[in-house]
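Below is one structure, written out as C-alpha coordinates; comments come after it.
The values are calculated or read from the model by the stated rules, or taken from the named source; none is laboratory data. From a predicted model like this one, the values you see are computed outputs, not experimental measurements. Virtual Cβ from ideal backbone geometry, glycine too; neighbours counted across all protein chains shown. All accessible areas refer to the heavy atoms of the entire protein, side chains included, with ligands and DNA or RNA removed. Shrake-Rupley method; radii C 1.70, N 1.55, O 1.52, S 1.80 Å.
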Amino acid sequence: MTGTGRAGLRLTARGAIVMLFVITLVGMPFLPGPAFVAGCLAAVLLVRPRDLLPLVVTPPLVFFGAALLVELVRALGSASMLPTFGLGMFTALSSGAPWLFLGSALALGIAWVRGLPDNLRELRGAPAPEPTPGSRSRSRRGRARTFDPEPEGYFEPRVYGRAADE
(Lines give C-alpha, C1' and ligand atoms only; values in the text may rest on other atoms or scores of the structure.)
Protein backbone atom coordinates (compact mmCIF):
# COMPACT_ATOMS: atom_id res chain seq x y z
CA MET A 1 0.00 0.00 0.00
CA THR A 2 1.13 3.51 -0.66
CA GLY A 3 1.02 6.36 1.80
CA THR A 4 -2.29 7.59 0.39
CA GLY A 5 -3.97 4.31 1.22
CA ARG A 6 -4.65 3.22 -2.34
CA ALA A 7 -2.59 1.37 -4.85
CA GLY A 8 -3.28 1.14 -8.52
CA LEU A 9 -2.40 2.07 -12.03
CA ARG A 10 -0.58 5.38 -12.45
CA LEU A 11 0.28 6.65 -15.90
CA THR A 12 2.90 9.14 -16.98
CA ALA A 13 1.71 12.24 -18.80
CA ARG A 14 2.65 10.67 -22.13
CA GLY A 15 0.77 7.49 -21.32
CA ALA A 16 -2.32 9.41 -20.25
CA ILE A 17 -2.22 11.56 -23.39
CA VAL A 18 -1.92 8.47 -25.60
CA MET A 19 -4.81 6.87 -23.72
CA LEU A 20 -6.91 10.03 -24.21
CA PHE A 21 -6.07 10.06 -27.92
CA VAL A 22 -6.99 6.38 -28.39
CA ILE A 23 -10.30 6.73 -26.51
CA THR A 24 -11.17 9.88 -28.49
CA LEU A 25 -10.14 8.31 -31.79
CA VAL A 26 -12.16 5.14 -31.18
CA GLY A 27 -15.23 7.13 -30.13
CA MET A 28 -14.94 9.80 -32.84
CA PRO A 29 -17.04 8.01 -35.51
CA PHE A 30 -19.82 7.14 -33.04
CA LEU A 31 -20.11 9.55 -30.08
CA PRO A 32 -17.16 11.94 -30.29
CA GLY A 33 -18.18 14.26 -27.44
CA PRO A 34 -18.96 11.72 -24.72
CA ALA A 35 -15.93 9.62 -25.72
CA PHE A 36 -13.68 12.67 -25.38
CA VAL A 37 -15.11 13.61 -21.98
CA ALA A 38 -14.74 10.00 -20.75
CA GLY A 39 -11.15 9.97 -22.01
CA CYS A 40 -10.38 13.24 -20.22
CA LEU A 41 -11.79 11.91 -16.97
CA ALA A 42 -9.92 8.62 -17.24
CA ALA A 43 -6.66 10.35 -18.11
CA VAL A 44 -6.77 12.90 -15.28
CA LEU A 45 -7.72 10.24 -12.73
CA LEU A 46 -5.00 7.78 -13.80
CA VAL A 47 -2.07 10.14 -14.32
CA ARG A 48 0.59 10.53 -11.65
CA PRO A 49 0.09 13.74 -9.64
CA ARG A 50 3.46 15.15 -10.69
CA ASP A 51 2.43 14.84 -14.37
CA LEU A 52 -0.84 16.78 -14.11
CA LEU A 53 0.42 19.97 -15.72
CA PRO A 54 1.42 18.48 -19.10
CA LEU A 55 -1.85 16.56 -19.20
CA VAL A 56 -4.27 19.43 -18.59
CA VAL A 57 -2.92 21.53 -21.46
CA THR A 58 -3.26 18.84 -24.15
CA PRO A 59 -6.98 17.90 -24.45
CA PRO A 60 -7.75 20.50 -27.16
CA LEU A 61 -4.78 19.32 -29.22
CA VAL A 62 -5.79 15.68 -28.77
CA PHE A 63 -9.36 16.42 -29.88
CA PHE A 64 -8.10 18.29 -32.94
CA GLY A 65 -5.65 15.51 -33.83
CA ALA A 66 -8.31 12.81 -33.56
CA ALA A 67 -10.79 14.84 -35.63
CA LEU A 68 -8.11 15.54 -38.23
CA LEU A 69 -7.24 11.86 -38.58
CA VAL A 70 -10.85 10.67 -38.75
CA GLU A 71 -11.90 13.31 -41.27
CA LEU A 72 -8.83 12.67 -43.42
CA VAL A 73 -9.67 8.96 -43.59
CA ARG A 74 -13.31 9.79 -44.41
CA ALA A 75 -12.28 12.18 -47.18
CA LEU A 76 -9.89 9.71 -48.84
CA GLY A 77 -12.76 7.70 -50.31
CA SER A 78 -14.72 10.65 -51.69
CA ALA A 79 -14.68 12.04 -55.21
CA SER A 80 -13.69 15.54 -54.06
CA MET A 81 -11.29 15.07 -51.20
CA LEU A 82 -10.50 18.68 -50.22
CA PRO A 83 -14.09 19.99 -49.90
CA THR A 84 -15.14 16.81 -48.09
CA PHE A 85 -12.23 17.14 -45.68
CA GLY A 86 -12.89 20.85 -45.05
CA LEU A 87 -16.58 20.35 -44.42
CA GLY A 88 -15.90 17.34 -42.20
CA MET A 89 -13.37 19.27 -40.08
CA PHE A 90 -15.72 22.25 -39.77
CA THR A 91 -18.57 19.98 -38.70
CA ALA A 92 -16.46 17.93 -36.28
CA LEU A 93 -14.91 20.94 -34.58
CA SER A 94 -18.06 23.04 -34.40
CA SER A 95 -20.28 20.22 -33.13
CA GLY A 96 -17.57 19.05 -30.72
CA ALA A 97 -16.83 22.47 -29.20
CA PRO A 98 -19.18 22.14 -26.20
CA TRP A 99 -17.77 18.69 -25.43
CA LEU A 100 -14.26 20.01 -25.85
CA PHE A 101 -14.89 22.75 -23.30
CA LEU A 102 -16.62 20.35 -20.91
CA GLY A 103 -13.85 17.74 -21.07
CA SER A 104 -11.09 20.33 -20.70
CA ALA A 105 -12.85 22.04 -17.78
CA LEU A 106 -13.48 18.75 -15.97
CA ALA A 107 -9.87 17.70 -16.46
CA LEU A 108 -8.66 21.05 -15.14
CA GLY A 109 -10.99 20.93 -12.12
CA ILE A 110 -10.05 17.40 -11.14
CA ALA A 111 -6.37 18.12 -11.70
CA TRP A 112 -6.66 21.17 -9.45
CA VAL A 113 -8.04 19.01 -6.65
CA ARG A 114 -5.38 16.33 -7.26
CA GLY A 115 -2.48 18.78 -6.85
CA LEU A 116 -2.07 20.98 -9.92
CA PRO A 117 -1.27 24.06 -7.77
CA ASP A 118 1.79 22.22 -6.41
CA ASN A 119 2.97 21.57 -9.96
CA LEU A 120 2.54 25.24 -10.85
CA ARG A 121 4.41 26.30 -7.71
CA GLU A 122 7.24 23.93 -8.57
CA LEU A 123 7.35 25.27 -12.13
CA ARG A 124 7.69 28.83 -10.85
CA GLY A 125 10.26 27.78 -8.28
CA ALA A 126 8.24 29.21 -5.38
CA PRO A 127 8.46 27.51 -2.01
CA ALA A 128 5.49 25.43 -0.95
CA PRO A 129 3.19 27.08 1.59
CA GLU A 130 3.46 26.00 5.18
CA PRO A 131 0.76 23.47 6.04
CA THR A 132 -1.80 24.67 8.51
CA PRO A 133 -2.62 22.52 11.53
CA GLY A 134 -5.13 19.88 10.60
CA SER A 135 -4.45 20.05 6.87
CA ARG A 136 -2.47 17.41 5.11
CA SER A 137 0.45 18.42 2.99
CA ARG A 138 0.36 17.46 -0.67
CA SER A 139 4.11 17.53 -1.00
CA ARG A 140 5.90 14.27 -1.52
CA ARG A 141 6.44 13.35 2.15
CA GLY A 142 8.19 16.62 2.92
CA ARG A 143 11.10 16.06 0.52
CA ALA A 144 12.28 19.19 -1.18
CA ARG A 145 13.00 18.77 -4.86
CA THR A 146 16.38 20.07 -5.85
CA PHE A 147 17.98 20.11 -9.23
CA ASP A 148 21.64 20.11 -10.14
CA PRO A 149 22.86 23.48 -11.35
CA GLU A 150 24.01 23.75 -14.94
CA PRO A 151 27.77 23.81 -15.43
CA GLU A 152 29.30 27.25 -15.58
CA GLY A 153 29.27 28.69 -19.08
CA TYR A 154 26.77 26.16 -20.33
CA PHE A 155 24.38 28.74 -21.76
CA GLU A 156 26.96 31.30 -22.78
CA PRO A 157 27.13 31.84 -26.53
CA ARG A 158 30.26 30.77 -28.29
CA VAL A 159 31.84 32.93 -30.98
CA TYR A 160 33.47 31.08 -33.85
CA GLY A 161 35.71 32.59 -36.48
CA ARG A 162 36.69 36.21 -36.68
CA ALA A 163 34.65 39.33 -36.07
CA ALA A 164 33.12 40.98 -39.15
CA ASP A 165 34.94 44.30 -38.62
CA GLU A 166 38.45 42.78 -38.46
Karplus-derived 3J(HN,Hα) from phi for region 50-65 (6.51 cos²θ - 1.76 cosθ + 1.60, θ = phi - 60°), whole Hz, x at Gly and Pro, runs 6, 9, 5, 4, x, 6, 6, 8, 9, x, x, 5, 5, 4, 5, x
Of the residues Gly88, Val26, Leu11, the Cα lying farthest along the dipole of region 1-128 towards its positive end, which is defined by charges on the beta carbon of Lys, Arg, Asp and Glu, belongs to Leu11
If you average the C-alpha positions of region 38-52 and of region 13-33 separately, how far apart do those two centres end up, in angstrom?
13 Å
From the protein chains alone at 1.4 Å, what is the descending order of accessible area for Trp112, Trp99, largest first?
Trp112, Trp99
Under Karplus coefficients 6.51, -1.76 and 1.60, residue-wise ³J(HN,Hα) of region 73-79 in Hz, glycine/proline x
5, 4, 6, 4, x, 8, 6
Residue by residue through region 27-41, what is 3J(HN,Hα) from phi via Karplus (6.51 cos²θ - 1.76 cosθ + 1.60, θ = phi - 60°)? Round to whole Hz and write x for glycine and proline.
x, 4, x, 9, 10, x, x, x, 5, 5, 5, 4, x, 4, 5
If packing is taken as the mean number of other Cβ atoms within 10 Å per residue, what is the order of 34-47, 53-66, highest first?
34-47, 53-66
